[in-house]
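Colleague: Got a structure here, written out as structure tokens. Questions coming.
Only the coordinates and a few stated rules stand behind these numbers; no lab work does. Just so it is clear, the structure is predicted and the values come from calculations on it, not from any experiment. A quick note on method: Cβ atoms are made from the backbone with ideal geometry, for glycine too, and the neighbour counts reach across all protein chains shown.
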Amino acid sequence: MTTTMNLPIPKIEGTACHDAVSCFVLSVAQKISFIDDDMIEYLNSYRREITMKIPLRKDDGTLVTIPAYRVQHNNARGPYKGGVRFHPEVNLTEVRALANMMTWKTAVADIPYGGAKGGICIDPKTLSKNELERLTRAFTFHLGDNIGPHTDIPAPDVNTNAQVMAWMYDEYSKSHSHDALAVVTGKPVALGGSEGREEATGRGVMYVLREVARDLKVDLSKSRILVEGFGNVGYHGARLIQDELNGFIVGVSTSKGGIYNSKGIDVKKAHRYYLEHSYLKGYPDVDFMSPEEFLCADCDVLVPAALSGSINDKIAQKTPARIIIEGANGPVTATANEILIDKQRVIAPAILASGGGVIVSYFEWVQNLQQYYWTHEEVNKKLERVIVPAYERVRDLSREKKISLRQAAYTIGLEQVAQASILRGTGY
Ligand code: GLU
């Protein structure tokens, strides 16, 4: 297990997401007058990176060691905050990029956190429930004091959920000999979780789409909407866009491919089918498309809510979508972003549009610390009251400076973090 401090952003480029975040941060930071080169170096560096090999005793008695990471990017504005993902493609470079992005996401939403991310390089479908629990507990135990209610607060991300958070909470509390509900967010409601947390990222996507559509005078009931990804963000996003905005959803997809019907798709029905069959193929009265065909299909609005980097140059050239709402972390690559901006497409960036999850995580943390809980309606209202003004700040700056929503969001995030660092004094 190694812990390294103050590592500069690596010169070796890794993943599309990593390159995209670095590119967005650097290009915007250079234009902010009070951010000098030293500050840029600071903003683009990681405070702490934890690299582990977690021992896991399998049910059959064999021992395997599994790579796992927690990257803490910046805590100038408050404790580190960000999810933990379980995925076979997790690697340090990707986790760095995702941690980096969390810093700007919490700053854009103006909630009092920094940014972090964790990941275990495993396909959770290959493990039994007991193995998954042992792995989660070992990860939490080995993180030791690097996490804590006022240090670094993990949450769910790709392939992790409330149950995983319950194990993390329990393991941390036991190994620290005191109860620490606020050490993780996204817990089950029966165990200190917040009402509305599960659907929160999708709900945030829905609010941002509603605001963008209102500003562009787009009628969502007549706009063909595609949602890529049918996990927590994609499903709840699509469902809420359909139910609460009367949005015209024409396609939904999973990593295996998507279904499309120009007359519309009943999101809840398609999701029931997916849960039953673990597959969308075979769903009646639709065209089944490969993931790439799906992303290029006829639409007015595209909501990428799966993994990072899915909108590459090729997709950017082909998609007719006029509005893109990033529900996933970093779905649009740096060069694809250029192509889309040249074509005058409007993109609500992930550091704004996917902020609903961490905003309600913040509400969960506050409820845990005060031991006083809010209703689902109260949580939804409070989420709306945080994410809509965040959108308005980004939109107003983009109009004033004639820059994209992404540039405006990064400008706001970078300014907030740089200001906090300067106020805290030298040695930030
Ligand atoms: N994993 C979510 C995200 O990427 C939520 C993070 C959190 O709640 O801390 O925004």
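Colleague: In what order do 248, 86 fall by count of nearby beta-carbon atoms within 10 Å, going from fewest to most?
Modeller: Working: 248 21, 86 26.
With the sparsest Cβ surroundings first, the list reads 248, 86.
Colleague: Under 18 Å Cα-Cα from residue 174, which aspartates and glutamates qualify once same-chain neighbours fewer than 8 residues away are excluded?
Modeller: 133, 145, 152
Colleague: Ordered by residue, what ³J(HN,Hα) values in Hz, to whole numbers, does the stretch 69-78 give under the Karplus form 6.51 cos²θ - 1.76 cosθ + 1.60, where θ = phi - 60° and Gly and Pro are x?
Modeller: So the J values, rounded to whole Hz, are 9, 9, 10, 9, 7, 8, 10, 4, 9, x.
Colleague: Quick check: residue separation of residue 269 and residue 130 times 0.36 nm, minus the Cα distance between them. What number comes out in nm?
Modeller: Working: separation 139, 0.36 × 139 = 50.04 nm, distance 3.16 nm.
The span from residue 269 to residue 130 would gain 46.9 nm if fully extended.
Colleague: Per residue of the chain, what 222 nm ellipticity follows from adding -39500 (n - 2.57) for every DSSP H run with n ≥ 4, rounded to the nearest 500? Intermediate results must be reported in sequence, preceding the final value.
Modeller: Numbers: 15 runs with 196 residues, N = 428.
Theoretical 222 nm ellipticity from helices: -14500 deg cm²/dmol.
Colleague: Rounded to whole Hz and in sequence order, give me ³J(HN,Hα) for the stretch 232-238 from the Karplus expression 6.51 cos²θ - 1.76 cosθ + 1.60, θ = phi - 60°, writing x for Gly and Pro.
Modeller: In residue order, the calculated couplings are 4, 6, x, 5, 5, x, 4 Hz.
Colleague: As a test, work out the antiparallel percent of DSSP beta bridges whose residues both lie in the chain, rounded to the nearest 5.
Modeller: On the way: 29 of 52 bridges.
Roughly 55 percent of the beta bridges in the chain run antiparallel, per DSSP.
Colleague: What nm value, rounded to one decimal, do you get for the distance between residue 110 and residue 173 when each label is placed 7 Å out toward the C-beta?
Modeller: Taking the simple label geometry, residue 110 and residue 173 are separated by 3.4 nm.
Colleague: What distance in nm separates the two pseudo spin-label positions at residue 385 and residue 59, each 7 Å out from Cα along the beta-carbon direction?
Modeller: Using points 7 Å along Cα→Cβ, the separation is 4.7 nm.
Colleague: Right, another one. Which FRET efficiency value, to the nearest 0.05, is calculated for residue 423 and residue 45 with the Förster distance at 22 angstrom and r the Cβ-Cβ distance?
Modeller: Values: r = 19 Å, r/R0 = 0.86.
The computed FRET efficiency comes out at 0.70.
Colleague: Beyond a 31 Å Cα-Cα separation, which of these cross-linked pairs lie in this structure: 217/402; 81/314; 105/401? Don't skip to the end; give the middle numbers.
Modeller: Working: 217/402 19 Å; 81/314 34 Å; 105/401 21 Å.
Pairs exceeding the cut-off: 81/314.
Colleague: Here's another thing I want to ask about it. Step through the residues of the stretch 209-220 one at a time and calculate ³J(HN,Hα) from phi using the Karplus curve (6.51 cos²θ - 1.76 cosθ + 1.60, θ = phi - 60°), rounding each to whole Hz and writing x for Gly and Pro.
Modeller: Residue by residue, the stretch 209-220 yields 4, 4, 5, 4, 4, 4, 5, 8, 6, 9, 8, 5 Hz.
Colleague: Would you grab the residues whose amide H sits under 5 Å from the one on residue 66? Only those 5+ places off in sequence or on another chain, please, with H modelled 1.01 Å from N.
Modeller: 54, 56
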